[in-house]
Amino acid sequence: MSEENKIENLEEEVSTAETEEAAVETEPSEEEKLRKELADTKDLYLRTVAEYDNFRKRTAKERDGIYADAYMDAIKSILPVIDNIERITAFASDEKMGEGINLIIASMKETLNKMGVTEIEAKTFDPNFHNAVMQVESEEYESGVIAQEFQKGYTYRDTVVRHSMVGVVS
């Protein structure tokens with residue numbers, strides 16, 4: 001039995017050694033742990049940088065949008081003043097006064113052009129730029145042509161600030 005005990009002891013030692021060897025193989029080495037930690041930290045860093053970049057772009061876009069809205073609001077408040085000055089020219093009794101008013105109008109339009117504001121042309125009807133408030137029958141013009149402009153429209157860059165109010169030939 002002593003030989004059997006020796007064999008059993010040897011078998012136990014072999015199985016214990018195999019178990020320890022398997023445990024050593026499943027446990028990651030210190031280097032593998034550090035590589036994984038480095039990869040996780042690098043991933044976190046890249047995500048944080050990307051998130052910050054997106055935040056910066058989003059806030060810049062919002063800031064530009066707020067600026068454009070405030071700019072358009074200021075332009076909208078100036079346009080009625082220009083309309084009223086243009087209406088004065090019809091009632092100017094003195095020729096010199098009419099010329100002075102026309103100079104003021106030209107100066108204001110030049111300033112608006114420098115600011116990026118342009119007048120909408122009133123030739124053919126386009127619902128993106130014109131607001132038809134009246135239909136006119138005319139043999140002189142084709143259908144869809146603007147016969148009369150009641151109020152001028154303006155654009156700032158590619159955005160309509162105020163639509164032209166027009167009468168369209170039906």
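The values are calculated or read from the model by the stated rules, or taken from the named source; none is laboratory data. Values in this document were obtained by computation on a predicted structure and should not be read as measured data. Positions of Cβ are generated from backbone atoms using ideal geometry, with glycine treated the same way; all protein chains shown enter the neighbour counts. Heavy atoms of the whole protein, side chains included, go into the accessibility calculation; ligands, DNA and RNA do not. Shrake-Rupley method; radii C 1.70, N 1.55, O 1.52, S 1.80 Å.
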Q.
Can you go through Ile104, Ile88 and tell me which one is at pLDDT 90 or above and not acidic (Asp, Glu)?
A. Ile104
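Specify which of the listed residues (Ala106, Ala90) is out of contact with any Lys or Arg (no Cβ under 7 Å at 6 or more places or on another chain) and closer than 28 Å to Ala70 by Cα.
On the way: Ala90 fails: closer than 28 Å to Ala70 by Cα.
From the options Ala106, Ala90, the qualifying one is Ala106.
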Q) So which residues in region 113-170 are within 24 Å of the chain's Cα centre (by Cα), surrounded by 15 or more Cβ atoms within 10 Å (Cβ to Cβ) and of a type outside the set (Gly, Ala, Ser)? A) Val117, Thr118, Ile120, Phe129, Tyr154, Thr155, Tyr156, Val160, Val161, Arg162, His163
(Q) Regarding region 125-145, can at least one residue be identified that is touching a Phe, Trp or Tyr at 6+ places or on another chain (Cβ under 7 Å) and of a type in the set (S, T, N, Q)? (A) no
Q) Which members of region 111-170 meet the condition of being at pLDDT 90 or above and acidic (Asp, Glu)? A) Glu119, Glu121, Asp126, Glu149
Q. Any idea which of (1) open to solvent by 70 Å² or more (accessible area, probe 1.4 Å); (2) among the charged types (D, E, K, R); (3) closer than 20 Å to Thr155 by Cβ is the one Asp83 doesn't satisfy?
A. (1)
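Could you please let me know if Asn54 is part of a helix (DSSP H, G or I) and exposed (fewer than 10 other Cβ atoms within 10 Å of the Cβ)?
Working: part of a helix (DSSP H, G or I): yes; exposed (fewer than 10 other Cβ atoms within 10 Å of the Cβ): no.
Against the criterion (part of a helix (DSSP H, G or I) and exposed (fewer than 10 other Cβ atoms within 10 Å of the Cβ)), Asn54 does not qualify.
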Q.
With the structure loaded, tell me whether Ile78 is on the phi < 0 side of the Ramachandran plot, touching a helix residue (DSSP H, G or I) at 6+ places or on another chain (Cβ under 6 Å) and without any contact (Cβ under 8 Å) to a residue 40 or more places away in the chain or whether it fails that test.
A. no
